[in-house]
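The values are calculated or read from the model by the stated rules, or taken from the named source; none is laboratory data. Keep in mind that what you see is a predicted model, and the values were worked out from it rather than measured. Using ideal geometry, Cβ is built from the backbone for each residue, glycine included, and neighbour counts are taken over all protein chains shown. The area values use the complete protein model at the heavy-atom level, side chains included, leaving out ligands, DNA and RNA. Shrake-Rupley method; radii C 1.70, N 1.55, O 1.52, S 1.80 Å.
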Amino acid sequence: MKIELFSDFACPFCYIAKTRLQQAIQQLNLEDEVEIEYKAYQLDPGASKLEARPFYDDLIHKGQSKEKIKQLTESIQTHADEVGLTFNFDAIQLANTENAHRLSKLAKTLGKEAQFVDTMMETYFTKGINLNDEAQLLAVCDEVNIPRKQAIEVLHSNQFSEQLANDRYDAQQLQITSVPFFVFEDQYGIKGVEPIEIFTKTLLQAQQVANKRLEVIGNDFTCGQEGCSF
């Protein structure tokens, strides 16, 4: 069963919704049946690649009142509490997420994408990693055993930029304007942070679609003395 997840490392609701999806998968014992493909979606592609701005300072700079900021952080933490996550808003720094996404694509080639995404999000929202800082990005790569030499080569080049552009194109084709956004078996979509019941229901529906596809493939697959073919 294939699930595409459009998300950004700077999106708190992406972290929450991803965790909720994982809990739903575990609840249904579908760990061996689900393949999650992470799609890069930069909320602010124009963000500085040199400086990082503290979370609260950024919201104030954008004209948010203290009351609005309080409501936002309380809303985020309420959702986070439901899935067992804690956010350290005093530590969070807003920066450009492109390099983190390109490193995620490197991790994918090494079979470590899910581990990298989990570790990066946890580090970002609890320890306040600066995504513009090469040393801090490399520390996360070290934690998930991504060869440092390969990570440095990515950071010092444009490797995987084409993959990020492809993800942006896919988001445009699906008319995605906010994240998180989940696509299940190219049939069902979930936008934002939904109750776990919505995730479990959609997983079961997607499982039926995936099973039907396997049945069709099985019916069209034949073998004879000269070999097998569709």
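What residues from the stretch 188-212 fall in the zone where the backbone N is under 19 Å from a label point 7 Å along the Cα-to-C-beta line of Q23? Counting backbone N atoms under 19 Å from the label point, the list is 190-204. In this structure, L30 and K191 have a Cβ-Cβ separation that, at R0 = 25 Å, corresponds to a calculated FRET efficiency of about 0.75.
Pairs of Lys residues in the stretch 57-130 are counted when their Cα atoms are under 28 angstrom apart and they lie 8 or more places apart or on different chains; the count is 8.
Legend: translational diffusion of the chain by Stokes-Einstein, Rh = Kirkwood radius over C-alpha pairs, 25 °C, 0.890 mPa s; D = 128 µm²/s. Of the accessible area of the chain, computed with a 1.4 Å probe over protein heavy atoms only, carbon and sulfur atoms account for 47 percent.
Modelled spin-label separation between E143 and S48, with each label point placed 7 Å from Cα along the Cα-to-Cβ direction: 2.4 nm.
Computed on the stretch 1-142, with alpha-carbon pairs under 8 angstrom and 6+ residues apart, the relative contact order is 28 percent. Label reach from D57 (point 7 Å along Cα→C-beta): in the stretch 79-97, amide nitrogens under 19 Å belong to 88-97. Extending 7 Å from the Cα toward the beta-carbon at both N211 and L110 defines two label points whose distance is 3.8 nm.
Based on a Kirkwood Rh over C-alpha pairs, give the Stokes-Einstein translational diffusion coefficient of the stretch 149-188 at 10 °C and viscosity 1.306 mPa s in µm²/s.
Details: Rh = 12.2 Å.
The estimated diffusion coefficient comes to 131 µm²/s.
With protein chains left intact and a 1.4 Å probe, residues in the chain average 55 Å² of accessible area per residue.
If I stretch the segment between Q150 and K127 completely, what's the gain in nm (0.36 nm per residue apart, minus their alpha carbon distance), one decimal?
That pair, Q150 and K127, stretches by 5.8 nm at full extension.
Within the set of other residues whose C-beta is less than 9 Å from the C-beta of F184, count the net charge using Lys and Arg as +1 and Asp and Glu as -1.
Once all neighbours under 9 Å are counted, the net charge is -2.
Note on D81/S178: beta-carbon distance plugged into 1/(1 + (r/R0)^6) with R0 of 25 Å gives a FRET efficiency of 0.65.
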